[in-house]
Amino acid sequence: MTDNALTIALSKGRIFEETLPLLAAAGIVPTESPEESRKLIIGTNHDNIRLVIVRASDVPTYVQYGAADFGIGGKDVLIEHGGDGLYQPLDLQIAKCRMMVAVRKGFDYKSVSHPGSRLRIATKYPNIAAEHFSAKGVHVDIIKLYGSMELAPLVGLSDAIVDLVSTGGTLRANNLEAVEHIVDISSRLVVNKAALKTKHTLLEPIIQAFSGAVNGGK
Ligand code: PRT
Ligand code: MG
């Protein structure tokens, strides 16, 4: 799109829901809901602003390459991606959760997670997991999964998982317990570095409006 237009990358589900009020604060209203429509490109009340609906873990990639000018991504996804080509000017305080280590209830995690020991970890977040255990001096074999991490310790695929926990309901339902906190997670505004310069006049008021909405909501 031209320098007069903006493309925003968002994922469906919790991030989209919690982003709607922020967009509204910037005067941006989508013309339809991605939950109801199967469209991947959604218009807004502004002719020059559109949304692209992507997988949560793909948001940084679309923004990094300039296919979207900005987007909203979980800190989990952003740490894992590495952040190349991205400005992350604002913590939006939405989609909050915690990155945790979890094991089967009753599993003696303490006695197998000391420096020098070796653990098998299943996770969607291999970089975050590797860094966490490396800092503790624990050796890990990381098994990359794409979802349903909670199953892995139950069927002997791994000793532990590294995953996001919000209410704790999923862990409880699967007889797992959190044993270590890695990092608090929320979603951030991510802006393409080149777009921040070339589309500054379009982006600035939106960033200001988001910032006002976040601080006003406190
Ligand atoms: O679902 P899909 O595979 O399409 O992609 P996704 O899981 O990457 O996207 P989505 O929309 O589920 O999550 C988008 C972002 O929301 C994540 O990148 C996080 O930053 C944030 N977020 C906040 C969460 C959660 N809370 C959360 N609870 N993402 C996932 N979960 C999952 C968690 O992985 C676990 O399976 O919910 C389950 C635990 O929830 P509780 O409430 O039972 O503890
Ligand atoms: Mg999900």
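Read-outs: derived from the displayed coordinates by stated rules, not from any lab. Source: prediction; values computed, not measured. Glycine also receives a Cβ, built like all others from the backbone with ideal geometry; neighbour counts cover every protein chain displayed.
Using θ = phi - 60° and the Karplus curve 6.51 cos²θ - 1.76 cosθ + 1.60, what whole-Hz ³J(HN,Hα) does each residue of segment 158-175 get, with Gly and Pro shown as x?
8, 7, 8, 10, 10, 8, 7, 10, 10, 7, x, x, 5, 4, 4, 5, 10, 6
Ordered by residue, what ³J(HN,Hα) values in Hz, to whole numbers, does segment 141-156 give under the Karplus form 6.51 cos²θ - 1.76 cosθ + 1.60, where θ = phi - 60° and Gly and Pro are x?
Per-residue couplings from phi come out as 9, 9, 10, 7, 10, 10, x, 6, 3, 4, 6, 4, x, 6, 10, x Hz.
Identify all aspartates and glutamates with a Cα-Cα distance to Lys124 below 16 Å; exclude those on the same chain that are fewer than 8 residues away in sequence.
Within reach: Asp58, Asp76, Glu80, Asp141, Glu150, Asp159, Asp163.
Restricting to DSSP H runs of at least four residues, report the calculated mean residue ellipticity at 222 nm for the chain, -39500 (n - 2.57) per run over all residues, nearest 500 deg cm²/dmol.
It lands at -8500 deg cm²/dmol.
Sequence-distant or interchain residues sharing an amide H contact under 5 Å with Leu6, placed H: which?
Under 5 Å from the amide H of Leu6: Ile49, Arg50.
Please report the base-10 log of the normalised intensity I(q)/I(0) for the chain, using a Debye sum with one equal scatterer per alpha carbon and no solvent, at each q in 0.09, 0.16 (1/Å).
Once normalised to I(0) and log-transformed, intensities are -0.42, -1.03.
Reachable lysines from Lys199, Cα under 27 Å, same-chain residues fewer than 8 places away excluded?
Of all the lysines, those that pass the test against Lys199 - Cα under 27 Å, at least 8 places apart if same chain - are Lys12, Lys39, Lys75.
List the equivalent ellipsoid semi-axes of segment 97-184 in whole Å, largest first, each obtained as the square root of 5λ for an eigenvalue λ of the Cα gyration tensor.
Taking √(5λ) for each Cα gyration eigenvalue gives 18, 14, 13 Å.
How many angstrom lie between the Cα centre of segment 1-41 and the Cα centre of segment 112-135?
36 Å
Roughly speaking, what % of Cα-Cα pairs in segment 163-210 are separated by over 15 Å, rounded to a whole number?
Percentage above 15 Å: 62.
Which lysines have a Cα lying under 21 Å from the Cα of Lys110, excluding residues fewer than 8 positions away in the same chain?
Excluding near neighbours in sequence, the set is Lys136.
Does anyone have the angle between helix 126-136 and the longest principal axis of the chain? Alpha-carbon axes, 0 to 90°, nearest 10?
For 126-136 against the chain, the angle is about 50 degrees.
What chymotrypsin sites (Phe, Trp or Tyr not before Pro) in segment 74-181 are in a loop by DSSP, with at most 14 other Cβ atoms within 10 Å of the Cβ?
Loop-located and lightly packed - Tyr146.
Can you compute the charge dipole magnitude of segment 25-141 about its Cα centre, using +1 on each Lys and Arg Cβ and -1 on each Asp and Glu Cβ, nothing else charged? Give it in debye, rounded to the nearest 20.
700 debye
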